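Rule-based calculations on the coordinates, nothing more; no lab input. Computed from a predicted structure; not experimentally measured. When we count neighbours, we look across all protein chains shown, and the Cβ atoms used for this are built from the backbone with ideal geometry, even at glycine.
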Amino acid sequence: MIPKTTVACVALLLVLLWPGGPALAQQQPPPAQPSAAQEGFVPVDQLPKPQDTMPAARLVAIAYAFVWVMLFGYVVSIWRRLSSVERELESVSRRIGSGGRTP
């Protein structure tokens with residue numbers, strides 16, 4: 001029997017790669033006239049208001065926090081696996097030292 005995760009992954013790939021998928025995406029209509037920023041120089045008094053812009057500093061901080069959390073999780077994962085290998089190596093060393101007999 002095929003595992004559920006495999007079936008789910010295949011179904012997801014079929015949905016994403018289906019030929020009609022991109023055609024169903026909704027497209028935005030083109031702007032009626034180009035904005036002042038697209039034409040070149042924009043005077044300071046015509047810049048967008050601060051509340052109309054994206055909070056870049058907050059997004060960058062969130063991105064860095066996400067990367068650090070993922071890196072920390074990876075290091076903890078490696079540490080735990082290495083501890084397991086060290087315990088297994090000690091067990092094998094003891095077996096070899098005792099002539100192959102299990103205590």
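If the segment from Lys49 to Ser98 were pulled out straight at 0.36 nm per residue, it would be longer than the present Cα-Cα gap by 9.9 nm.
With a/c under 1.5 counting as rounded, go ahead and sort the range 54-103 into rounded, prolate or oblate using the C-alpha gyration tensor (a ≥ b ≥ c being the square roots of the eigenvalues; past the cut-off, prolate if a/b is larger than b/c, else oblate). In terms of gyration-tensor shape, prolate. Think of the range 54-103 as having a plus end and a minus end, set by charges on the Cβ of Lys, Arg, Asp and Glu; of Ser91, Val76, Tyr64, Ser91 sits farthest toward the positive end of this dipole.
For the pair Tyr64 and Ile78, label points projected 7 Å from Cα toward Cβ lie 2.2 nm apart.
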